[in-house]
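Student: Take a look at this one; I'll ask things after.
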Amino acid sequence: MFSDADAAALYDLLNPWAPDRHPGDRFYDDLVMAADAVLDVGCGTGAMLHLAREQGHRGRLVGLDPDRAALDRARRRADIEWIEGTAAKARSGAGFDLATMTGHAFQFVVTDEELRASLAAIHGALRRGGRFVFETRHPQARAWEGWNASSPDDVVDLVDTEGRALRVWHEVDSVIGDVVTFHGTTAARDGTVLRIEHASLRFLDVEVLNGFLAGAGFEIEAQYGDWHGGAIDANSREIISVACRK
């Protein structure tokens, strides 16, 4: 038995929030600590907002996510507001000066209809001049080609919080247009499969992405190809966007 709660705890082990070690986490941490009111869309287990509070953030922090088990972990801190729901459910008129989507969460919004609804809701939740900051994997890097059980970079062996020796990996099921469908497997070290999770990600190129942002009323303040502020070029693996509500 590997429950939703187990999967949420495993996520934290696989993806520790560590601005002191990871430049991407530091990029967001600096933005959050400088903002008075922050909406973290797709907040997951809430690690980014937890750390902000621990570091002394005194403003409004709100996490939004559709995963109830992840939010149960997030709610270990009661001094942050946690809301169950998708990006499209962000509340209009909330007056946030920063909205974020970290961990490539933006790519889980797959269809044109979902994208338009999500961006419109995030736009509405920001005050005028507020910023929406997120990253998406650049399709030119073809990151999905490394998601397979034979890749040493994808297979992870670890011991979870219950003391179970686990192996985790991903496998691609299909690539149709700009949508990659895959599944992730969590297994015991003897190969016994404990959990399989299916998902689809959309890989938008810069031109298409910016078209969606403009359509929702955002202006592009900046876009980077890496976490150190480098320009997007032929070698970029990321599209890091800072979009401003007009």
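The values are calculated or read from the model by the stated rules, or taken from the named source; none is laboratory data. All of these numbers come straight from a predicted model, not from anything done at the bench. Cβ atoms come from the backbone with ideal geometry, glycine included; neighbour counts cover every protein chain shown. Protein only, heavy atoms only, side chains kept; ligands, DNA and RNA dropped before computing areas. Shrake-Rupley method; radii C 1.70, N 1.55, O 1.52, S 1.80 Å.
Student: For segment 147-186, name all the residues that are acidic (Asp, Glu), outside any strand (DSSP E or B), over 30 Å from Asp112 (Cβ atoms) and in contact with a strand residue (DSSP E or B) (Cβ under 7 Å, 6 or more places away or on another chain).
Tutor: Scanning segment 147-186 gives a single hit, Asp160.
Student: Residues of segment 42-70 being open to solvent by 40 Å² or more (accessible area, probe 1.4 Å), more than 25 Å from Gly129 (Cα to Cα) and either free of Cβ contacts under 8 Å to residues at least 40 places away in the same chain or within 13 Å of the chain's Cα centre (by Cα) (or both), which ones?
Tutor: Selection gives Glu54, Gln55, Pro66, Asp67.
Student: Among the residues of segment 209-225, is any part of a strand (DSSP E or B) and in contact with a Cys (Cβ under 6 Å, 6 or more places away or on another chain)?
Tutor: Yes - at least one qualifying residue is present in segment 209-225.
Student: Which of the residues belonging to segment 179-204 are among the charged types (D, E, K, R) and exposed (fewer than 14 other Cβ atoms within 10 Å of the Cβ)?
Tutor: Result: Arg189, Asp190, Glu197.
Student: Residues of segment 226-246 being in a strand (DSSP E or B) and open to solvent by 40 Å² or more (accessible area, probe 1.4 Å), which ones?
Tutor: Arg245
Student: Please work out which one of (1) farther than 18 Å from Asn15 by Cβ; (2) surrounded by fewer than 18 Cβ atoms within 10 Å (Cβ to Cβ); (3) under 19 Å from the mean Cα position of the chain (by Cα) is the condition Arg131 fails and give its number.
Tutor: Among (1) farther than 18 Å from Asn15 by Cβ; (2) surrounded by fewer than 18 Cβ atoms within 10 Å (Cβ to Cβ); (3) under 19 Å from the mean Cα position of the chain (by Cα), the lone unmet condition for Arg131 is (2).
A quick yes/no check of all residues on (1) open to solvent by 30 Å² or more (accessible area, probe 1.4 Å); (2) among the hydroxyl-bearing types (Ser, Thr, Tyr); (3) under 26 Å from Ser174 (Cβ atoms); (4) in contact (Cβ under 8 Å) with a residue 24 or more places away in the chain:
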| residue | (1), (2), (3), (4) |
| --- | --- |
| Asp72 | yes, no, no, yes |
| Glu84 | yes, no, no, no |
| Leu115 | no, no, yes, yes |
| Ala121 | no, no, no, yes |
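Student: Sort out which residues of segment 163-178 are under 18 Å from Val110 (Cβ atoms) and crowded, with 18+ Cβ neighbours inside 10 Å, and write them in order of number.
Tutor: If the condition is that a residue be under 18 Å from Val110 (Cβ atoms) and crowded, with 18+ Cβ neighbours inside 10 Å, then His170 is the only one that fits.
Student: Name the residue that is nearest to Val168 (Cα to Cα), counting only residues in segment 1-41 that are open to solvent by 60 Å² or more (accessible area, probe 1.4 Å) and among the charged types (D, E, K, R).
Tutor: So the residue we want is Asp4.
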